[in-house]
Amino acid sequence: MISCLFPRLLALTLIVFSPFSFSDAREETGGEHESAPSKNEIISLKPFSARYKTEWKLGWFSVDIEAVRNLRQLPSGHWLLTFEAETSAAALKETSEFSLDQGRIQPLEYSYRATGLFNEADRTLLFSPQLKLVKDLENNKDYPQAWENEIQDNLTYMLQASLDLARIKQQQTDTPSDGKQHSNELNYPVFEKKRVKAFQFRTIAEEPLNTRIGKLKTIKVEQIRQKNGREVLAWFAIDRNYLLVRLVDKEKGKTRYQIDITDLKD
C-alpha cells in the first residue's frame, strides 16, 4: 500500500499518498461523523481534500515536497481520486476513476503524468472487468494475463485499505466476543506498469498521535516486506474515517523520510 507512493521521489512511496490515504468511510448520504460504523451500516466513501508535507533528504541537502489528495464523486456516480505532488524542480499528477459497489473498489481508468525530476513515462491504463484485462493506451498494449479479482491501481488500493480498516473495526465492534480470530492483514493485487504486484500490510496497534490537524486516535499499520532492513509504517486516523495522517520510511533503523498531514477539508 505504501511502497509505491513517494519514491518516484514522492511517487514510489506513498502510495504514499495514494496508499495509505485511507479515505473517508462515512455514508454517502451524510450524517454525523462517527469513529466506528454501527451494525448494518454500509461502509462507503465521502469526498475529501488532504494536504501533506515532507522533507526529502538527498545526501547533503534536502527538498521540501508538498502533496494534495482529493476525492470527489462524479455525476455518473463514479469516483475520481487525484494525487498531486510538487517541488521546485518537479511535479507529479496521478488520477484514478473508479466505481464502488458494496464496499469494493473497481478501478476503471488510471493516469500518470510527471515533469522535471519525476522522469517516468506517462501512463494511461484502462481496467475492463468485462473483458478481464488492463489496457495501456500509451503503448496500445493489452494485459489480459495480469487480471486478478479485486485488482487495484496505484491509487485505489490505498482507498480500498481504508474501507477494509473500517470494515474490520465494524466487525470488532459488532461482535466483540464472538470468539473468532479476525485477520489483521490486508492484501492487494496492484497493477503497476506492466504487471501485478502483491501489496501486503498488517495492523499493529491503536495509538494517539499529535498532528497539525489535532490530536488523533489512530491505527498503526506496517507494510510486510520481503527485504530485511526496510520498514514502512503508516498511521490512519480512526476518528477521521481512516485517513492517512503520517507515514514513515526507515532503512536500517534510520528515517529516510516522514510524511505528515497539514490540512484536511471534508
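The values are calculated or read from the model by the stated rules, or taken from the named source; none is laboratory data. Nothing here was measured: the structure is a model prediction, and the numbers come from that model. Here the Cβ is made from the backbone with ideal geometry for all residues, glycine too, and neighbour counts use every protein chain on show.
Numbers for the structure displayed
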| quantity | calculated |
| --- | --- |
| Residue match in the stretch 62-74 (condition: modelled with pLDDT of 85 or more and assigned to a loop (DSSP other than H, G, I, E, B)) | yes |
| Residue check for residue 168: under 22 Å from residue 81 (Cβ atoms) and modelled with pLDDT of 95 or more | no |
| Any chance residue 95 is polar (S, T, N, Q) and at pLDDT 95 or above | yes |
| Scope the stretch 114-133; condition under 20 Å from residue 187 (Cβ atoms) and within 20 Å of the chain's Cα centre (by Cα); matching residues | 127 |
| Strands (runs of 3 or more DSSP E) contained entirely in the stretch 97-146, each with at least 1 residues that are surrounded by 12 or more Cβ atoms within 10 Å (Cβ to Cβ), in contact with a strand residue (DSSP E or B) (Cβ under 8 Å, 6 or more places away or on another chain) and among the basic types (Lys, Arg) | 104-116, 123-128, 133-136 |
| Test: residue 118 is at pLDDT 90 or above and of a type outside the set (Val, Ile, Thr) | no |
| Selection within the stretch 75-96 - among the β-branched types (Val, Ile, Thr) and either touching a Pro at 6+ places or on another chain (Cβ under 6 Å) or part of a strand (DSSP E or B) (or both) | 82, 95 |
| Hits in the stretch 186-233 (condition: modelled with pLDDT under 90 and in a strand (DSSP E or B)) | 192, 223, 230, 231, 232 |
